[in-house]
Each structure stands twice: as C-alpha cells, then as structure tokens.
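Below is one structure, written out as structure tokens; comments come after it.
The values are calculated or read from the model by the stated rules, or taken from the named source; none is laboratory data. These figures come from a predicted structure and were not determined experimentally. Cβ atoms come from the backbone with ideal geometry, glycine included; neighbour counts cover every protein chain shown.
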Amino acid sequence: MDDGKDKVKGKLLDSIFPRKYDFHGMLLHQTELTEAGVSALNVWLAAGDITRPPTEVDRIEQEADDARRHMEGLLLEAFSTPFDRQDIYSFSRQIDNILNFCLSTAVEMEAFGVRPDDAILRMAAALQRGTELVKETVSIMPNHPAKAQGMIREMRQKESEIEKAYVADLAIVFSTSDPMEAMKKREVYHHLKDAGRALSITIDVLHRIIVELG
C-alpha cells in the first residue's frame, strides 16, 4: 500500500467533499456546561461560605471557554453549517458571557465580603432555570422546532425576573444608611443583571434559529 498516494487521495476527497462538523452537538455541549456552571454558582451561594473560592464555577467556566474556542476554529474550516454561521457564533459568545458574569459575581462576593441575600439568590435561581430551558430547547430544536418555539416564553420570563429583582432590590439597598455596603452589593447585583442580559440576547439568537428551522 502506498501511504503517500493514500494521503493525496484523502486530501483530494476532503477538498471535493468538505468535512461536516456537528455544530448542533457542540452548541448543546456548551449549553450543558453553562447550565452546570450556573448550577455550581447556586450551590456555592447556598453554602453561604463566601470565604471559600468558587473553584467549581471557575473550572466549568474555563472548560466552556475551551469548548467555545474549539468551535470557533471549526467554523472557519466548515464548508456548510446546519444553522446560520453568524447565529452559531453569536449564540456561542452570548451563552459564554453568562458564565463569565457568574464567575465575576462569585469572585467579587468573595473579594468584597458580600454575603448572599434574597435578591442574589432569586436572581441566581432565575438564571439557572433560564439556562436549563436553553439547554432543553437546544436539545430538541432540530427535530421539534414547534415545541422549542413554545419554550421561548418561559425563558423570557426568567430573564424578566432577573431584571425586576435587580431594580426592586437595588432600590431597597440604596435606601439603607450604609453607602459602602450599598456600592458593594450594587456591583454584585449588576453582574447578575448582566448575566440576565446575556441570557436575553442568547434567547433572541436561539429564537431566530428556531424560526429558520421551522
């Protein structure tokens, strides 16, 4: 067998029939990592020990970053994609932002000595449910776009819960007599609000993909 000829033949076939990548599978994997990371944040918050570094959130965030970068590299090589190429990229970047803001939340809580209060717990819980719904929707959307479409509304409700909690509870915090504590909590609240905003944009892109599939 001539290995040299086989390699040339393989390259020729690759040029005629470009390799296909499982971008849906890669997006699903990233949504699973995101949901796991947000869940890890909620576990860390529930423990109430802000002196303990959020190592699990950090680990998952780094793993998700690696997955995102790997997929972005394949997007440059791919001849065709199952959904719009820009939507794949945008979805991946925005869902990655959710984890980035989750990690920032935990890191600043540890650094500033901000203990989890009701507002933080409610925003984090809504974010977790929102990312769970994103994961479930991505898993079914190629074969069941109509069912996936029906899940968009609940996702948006979770994003709205985060926004409402941010405004209402920040108003309470600013009415207290401790301005330094108010500023610390404002920073933490804002990271969770930004995570909710990233969730909102993720949902917008996901909705667009579902409409195209339908």
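What residue, among those in region 174-195 that are among the aliphatic types (A, V, I, L, M) and more than 15 Å from Leu121 (Cα to Cα), is surrounded by the most Cβ atoms within 10 Å (Cβ to Cβ)?
Once the filter is applied, the top-ranked residue is Ala182.
Which of the residues spanning region 41-89 are of a type in the set (S, T, N, Q) and closer than 19 Å to Glu132 by Cα?
Residue satisfying the conditions is Asn42 alone.
Only residues that are part of a helix (DSSP H, G or I) and among the charged types (D, E, K, R): list them for region 112-122, please.
If the condition is that a residue be part of a helix (DSSP H, G or I) and among the charged types (D, E, K, R), then Asp118, Arg122 are the ones that fit.
Which of the residues spanning region 27-56 are surrounded by fewer than 23 Cβ atoms within 10 Å (Cβ to Cβ) and acidic (Asp, Glu)?
The answer is Glu32, Asp49, Glu56.
Every residue in region 57-69 that is surrounded by fewer than 14 Cβ atoms within 10 Å (Cβ to Cβ) and over 25 Å from Glu110 (Cβ atoms), please.
Correct list: Arg69 only.
When you scan region 136-145, do you find a residue that is at pLDDT below 95, in contact with a Leu (Cβ under 6 Å, 6 or more places away or on another chain) and either part of a helix (DSSP H, G or I) or farther than 27 Å from Arg208 by Cβ (or both), even just one?
Scanning region 136-145, I find at least one residue that is at pLDDT below 95, in contact with a Leu (Cβ under 6 Å, 6 or more places away or on another chain) and either part of a helix (DSSP H, G or I) or farther than 27 Å from Arg208 by Cβ (or both), so the answer is yes.
Residue under question is Val107, and the condition is that it be β-branched (Val, Ile, Thr), out of contact with any Asp or Glu (no Cβ under 6 Å at 6 or more places or on another chain) and within 26 Å of His24 (Cβ to Cβ); does it hold?
Judged against the criteria, Val107 is not a match.
Quick check: anything in region 96-103 within 21 Å of Val134 (Cβ to Cβ) and touching a Phe, Trp or Tyr at 6+ places or on another chain (Cβ under 8 Å)?
Within region 96-103, none of the residues are within 21 Å of Val134 (Cβ to Cβ) and touching a Phe, Trp or Tyr at 6+ places or on another chain (Cβ under 8 Å).
Within region 168-175, is even one residue among the aromatic types (Phe, Trp, Tyr) and modelled with pLDDT under 95?
yes
Across region 153-172, what is the total count of residues that are crowded, with 17+ Cβ neighbours inside 10 Å and hydrophobic (A, V, I, L, M, F, W, C)?
4
Conditions (1) of a type outside the set (Val, Ile, Thr); (2) assigned to a helix (DSSP H, G or I); (3) exposed (fewer than 15 other Cβ atoms within 10 Å of the Cβ), marked per residue:
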residue: Pro82; (1), (2), (3): yes, no, no
residue: Ile95; (1), (2), (3): no, yes, no
residue: Glu110; (1), (2), (3): yes, yes, no
residue: Ala124; (1), (2), (3): yes, yes, no
residue: Leu133; (1), (2), (3): yes, yes, no
